[in-house]
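Inspection log for the structure reproduced underneath, given as structure tokens.
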């Protein structure tokens, strides 16, 4: 029995993420466990529900995680960062270790948060793609005249 669909086409960030991902060579979209995944051979990005630590805003404007408290994040970008970037992402309260994927090194960010930096999202998607896509597709991305993910 297939999983029920657990997203809506108007979910925050889905249309923008879809445009970025599907602009990459050989990328396609497939529903897995009721949520969109973007693949180039294998999954390089997932969109969907996860849980994240609760963060509160401090008096200095910075956000701080509250240990032990979690919230649902239905519009998460789930991606594989380069290993050298993980500690920096883990120090940034916008990012979190997603359920299931996190055990394999993946990280996530909530696309429903105000002020999403789509340039940064493009970079995260590109890095994840380069780590997980077949080399022949990465070569097409790096070919002269190729455009970056999501660029028109």
## Note on the structure
Distance in nm between residue 16 and residue 30 label points, each 7 Å along Cα→Cβ, equals 2.8 nm
### Task
Obtain the nm distance between the two label points defined at residue 92 and residue 104 by a simple spin-label model: each point lies 7 Å from its Cα along the Cα-to-C-beta direction.
2.3 nm
### Query
Okay, which of segment 92-107 sit inside 15 Å, backbone N to the point 7 Å along the Cα-Cβ direction of residue 83?
104-106
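Every number here is computed from the coordinates shown, using simple stated rules; none is lab data. Just so it is clear, the structure is predicted and the values come from calculations on it, not from any experiment. Glycine gets a Cβ as well: all are built from the backbone with ideal geometry, and neighbour counts include every protein chain shown.
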